[in-house]
Amino acid sequence: RKEVEQDPGPFNVPEGATVAFNCTYSNSASQSFFWYRQDCRKEPKLLMSVYSSGNEDGRFTAQLNRASQYISLLIRDSKLSDSATYLCVVTSLIQGAQKLVFGQGTRLTINP
Amino acid sequence: GAGVSQSPRYKVAKRGQDVALRCDPISGHVSLFWYQQALGQGPEFLTYFQNEAQLDKSGLPSDRFFAERPEGSVSTLKIQRTQQEDSAVYLCASSLAGRGLFTGELFFGEGSRLTVL
């Protein structure tokens, strides 16, 4: 089983729709959680951190459920520019060194 | 430039050839990571440096892979006797924070796309 698992999609949704992705992780000692965005043939870029209390950044809402070991990302009122691959990232501190593990990504296409 | 710079952007190698991929991180960044990304997959961890110290190389797939960061700045990932399964994008990322202080923001380079024929 992979340490971080995501539904690869693709998700095809109409502009203006709400879409949600989930990500599960297997290491209960994981400390920090993030969503990255990767456009086609580009490098990944940080979208937002994920906190236990949940956090919102404009149209994006991230949630963390430690008990069930999953993270979610909700995108409201989706725009064409939201089309990208969304990567779930989990970090753990192992022997003083940070280990960051990426999920395989969920591909999202917003259709006009 | 202000970002992470990687070279070459594209590399075509014949099977068995050695390759060297270079990463120039953001100036002053303590942490440097190498990732391998196959088509349709997420980045897979290869190795991590804090300054010049290689603290984690658990992700290197074989002893044909070697990375160094001798002066705590520029890093080189070397792949010896390349195989077709080494074809991927090799991403370098840096972070200002060091051990235990990581905030999660990695700054990635655009990657080096390696194709082994």
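Computed from the coordinates by the stated procedures, all read-outs in this text should not be read as laboratory data. Values in this document were obtained by computation on a predicted structure and should not be read as measured data. Glycine also receives a Cβ, built like all others from the backbone with ideal geometry; neighbour counts cover every protein chain displayed.
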Checklist entry - Based on the alpha-carbon gyration tensor of chain B and its eigenvalue square roots a ≥ b ≥ c, which shape applies: rounded if a/c is under 1.5, prolate if not and a/b is larger than b/c, or oblate? => result prolate
Checklist outcome for this item: If amide H atoms are modeled at 1.01 Å from N in the peptide plane, then the residues at a separation of 5 or more from A:Phe11, or on another chain, having amide H under 5 Å from its own are A:Arg107, A:Leu108, A:Thr109
Checklist outcome for this item: Summing +1 per Lys or Arg and -1 per Asp or Glu among the other residues with Cβ less than 9 Å from B:Ser5's Cβ gives -1
Checklist entry - With the Cα gyration tensor of the protein assembly as shown giving a ≥ b ≥ c as the square roots of its eigenvalues, does the rule (a/c under 1.5 for rounded; else a/b larger than b/c for prolate; else oblate) give rounded, prolate or oblate? => result prolate
Checklist entry - Which of the trypsin sites (Lys or Arg not before Pro) across the range A:13-81 are loop residues per DSSP, with 13 or fewer other Cβ within 10 Å? => result A:Arg41, A:Lys42, A:Arg59, A:Arg66, A:Lys79
Checklist entry - By the scheme Lys and Arg +1, Asp and Glu -1, what is the net charge of all other residues having a beta-carbon under 11 Å from that of B:Gln36? => result -3
Item to check | Spin-label zone in the range B:1-29 - amide nitrogen under 15 Å from a point set 7 Å from the Cα of B:Arg64 along the C-beta vector | outcome: B:12-21
Checklist entry - Which Cys in the protein assembly as shown stand alone, with every other cysteine's Cβ at 4.7 Å or more from theirs? => result A:Cys40
Item to check | Local electrostatic count at B:Asp18 - Lys and Arg +1, Asp and Glu -1, tallied over other residues with Cβ under 15 Å | outcome: +4
Next on the checklist: In chain A, if the dipole is taken from +1 on Lys/Arg beta carbons and -1 on Asp/Glu beta carbons about the Cα centre, which of A:Gln63, A:Val19, A:Gly105 is farthest to the positive end?
Outcome noted: A:Gly105
Item to check | the range A:1-69 and the range B:3-68: distance between their alpha carbon centers, rounded to Å | outcome: 25 Å
Checklist outcome for this item: Answer in debye to the nearest 20: the dipole magnitude of chain B about its Cα centre, from +1 Lys/Arg and -1 Asp/Glu charges placed on Cβ, is 360 debye
Checklist outcome for this item: The simple spin-label model distance between B:Glu71 and A:Tyr51, using points 7 Å out along Cα→Cβ, in nm, is 4.1 nm
